[in-house]
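Visitor: Here you go, one structure.
The values are calculated or read from the model by the stated rules, or taken from the named source; none is laboratory data. The model shown is predicted, which means the values in this text are computed figures rather than measured ones. Using ideal geometry, Cβ is built from the backbone for each residue, glycine included, and neighbour counts are taken over all protein chains shown.
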Amino acid sequence: MSFGFIAALLTAIIVLLINCLVVISILESLLIGVPFLPVSSKVLPKILEALELKQGSLFVDLGCGDCRVMEFCLKQAPGISCLGLERGFIPFFLAKIRLRGLKSARVLRNDFFKYDLSGATHIFAYLSSGSMDKLLPKLEKELRPKTRLVSCDFAFSRKEPLKIIDLDRPKGALCRKLLVYEF
Ligand SMILES: C[S@@+](CC[C@H](N)C(=O)[O-])C[C@H]1O[C@@H](n2cnc3c(N)ncnc32)[C@H](O)[C@@H]1O
């Protein structure tokens, strides 16, 4: 077998694997209802600022994707602990890789609607309008007073935000605003 043949075969296998992962990711997004769309890394400092994390905070990312928000927060605010809840296999796998070596962070392959959130002091969500409204009764029941929640782009229709932060992003871009809530 020539070197050229082996190289072509390996390339074909890699392309096939990537296509399989893309198809799995699309099917998963359809099942879960919210696609895996990570926030732009440009807005991470604004998210950190809006969260107002303190020493000892337990920060929970609902649908944490690849855990980029948690990783950024942990590096900038080292006295906190982080929990990511993620249903999708591919983002969960990417999150596991990203969090290697970060002792105060963990990610669980869980549905956040079925997870007890009463321990959280700070929450981040980048979901959809439907998920936000479905979550509200659970959050109102479980969260302790003063728990802070920052949502990227999507508001609760039945709860007023403390403030809305304009992220100054180009028209048509995702992640255009942060809505800050207190429970
Ligand atoms: C738009 S992405 C945001 C990812 C990450 N929070 C970020 O901002 O980079 C939404 C994520 O929520 C996850 N998700 C949606 N519904 C979920 C549920 N009920 N439980 C756990 N994860 C969920 C999706 O799989 C997806 O990865």
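Visitor: Could you please give the count of residues in the range 164-177 that are free of Cβ contacts under 8 Å to residues at least 24 places away in the same chain and touching a strand residue (DSSP E or B) at 6+ places or on another chain (Cβ under 7 Å)? So that I can check it myself, show each step before the final result.
Guide: Taking the range 164-177 and keeping what is free of Cβ contacts under 8 Å to residues at least 24 places away in the same chain, we get 164, 166, 168, 170-172, 176.
Still in the list and also touching a strand residue (DSSP E or B) at 6+ places or on another chain (Cβ under 7 Å): 164, 166.
The qualifying residues number 2.
Visitor: Out of the residues in the range 78-127 that are of a type in the set (Ser, Thr, Tyr) and under 21 Å from Leu179 (Cβ atoms), which is nearest to the ligand (Cβ to nearest atom)? Write out each step before concluding.
Guide: Quick first cut of the range 78-127, residues of a type in the set (Ser, Thr, Tyr) only: 81, 104, 115, 118, 121, 126.
Imposing the further condition that a residue be under 21 Å from Leu179 (Cβ atoms) reduces the set to 121, 126.
On the way: Thr121: 18, Tyr126: 4 Å.
The qualifying residue nearest to the ligand (Cβ to nearest atom) is Tyr126.
Visitor: Would you pick out the residues in the range 12-49 that are modelled with pLDDT of 85 or more and farther than 18 Å from Asp111 by Cα? Write out each step before concluding.
Guide: Taking the range 12-49 as the starting set, the residues that turn out to be modelled with pLDDT of 85 or more are 34-49.
Scanning the range 12-49 gives Val39, Ser40, Ser41, Lys42, Val43, Leu44, Pro45, Lys46, Ile47, Leu48, Glu49.
Visitor: So which of Gly56, Gly79, Gly63 is under 25 Å from Ile123 (Cβ atoms) and either touching a His at 6+ places or on another chain (Cβ under 6 Å) or buried (at least 19 other Cβ atoms within 10 Å of the Cβ) (or both)? Quick ask: steps written out before the conclusion?
Guide: Numbers: Gly56 fails: either touching a His at 6+ places or on another chain (Cβ under 6 Å) or buried (at least 19 other Cβ atoms within 10 Å of the Cβ) (or both); Gly79 fails: either touching a His at 6+ places or on another chain (Cβ under 6 Å) or buried (at least 19 other Cβ atoms within 10 Å of the Cβ) (or both).
So the residue among Gly56, Gly79, Gly63 that is under 25 Å from Ile123 (Cβ atoms) and either touching a His at 6+ places or on another chain (Cβ under 6 Å) or buried (at least 19 other Cβ atoms within 10 Å of the Cβ) (or both) is Gly63.
Visitor: Mind listing whichever residues of the range 159-175 are at pLDDT 95 or above and within 25 Å of Lys134 (Cα to Cα)?
Guide: Lys159, Glu160, Pro161, Leu162, Lys163, Ile164, Ile165, Asp166
Visitor: Within the group Phe72, Phe113, Phe92, which residue is crowded, with 19+ Cβ neighbours inside 10 Å, in a helix (DSSP H, G or I) and touching a residue at least 12 places away in the same chain (Cβ under 8 Å)? Reasoning before the result, please.
Guide: Numbers: Phe72 fails: crowded, with 19+ Cβ neighbours inside 10 Å; Phe113 fails: crowded, with 19+ Cβ neighbours inside 10 Å.
When all the criteria are applied, what remains is Phe92.
Visitor: One residue is enough: does the range 152-161 have a residue meeting the conditions farther than 25 Å from Leu31 by Cα and surrounded by 15 or more Cβ atoms within 10 Å (Cβ to Cβ)? Break it down into steps so the answer makes sense when it comes.
Guide: As a first pass, look at the range 152-161 and keep what is farther than 25 Å from Leu31 by Cα: 158-161.
Imposing the further condition that a residue be surrounded by 15 or more Cβ atoms within 10 Å (Cβ to Cβ) reduces the set to 159, 161.
Yes, some residue in the range 152-161 is farther than 25 Å from Leu31 by Cα and surrounded by 15 or more Cβ atoms within 10 Å (Cβ to Cβ).
Visitor: Go through the range 50-69 and report how many residues are within 11 Å of the ligand (Cβ to nearest atom) and not in a strand (DSSP E or B). Even if it seems obvious, please write down each step before you answer.
Guide: Initially, the range 50-69 is screened for residues within 11 Å of the ligand (Cβ to nearest atom), giving 60-69.
Then drop every residue that is not not in a strand (DSSP E or B), which leaves 63-69.
Qualifying residue count for the region: 7.
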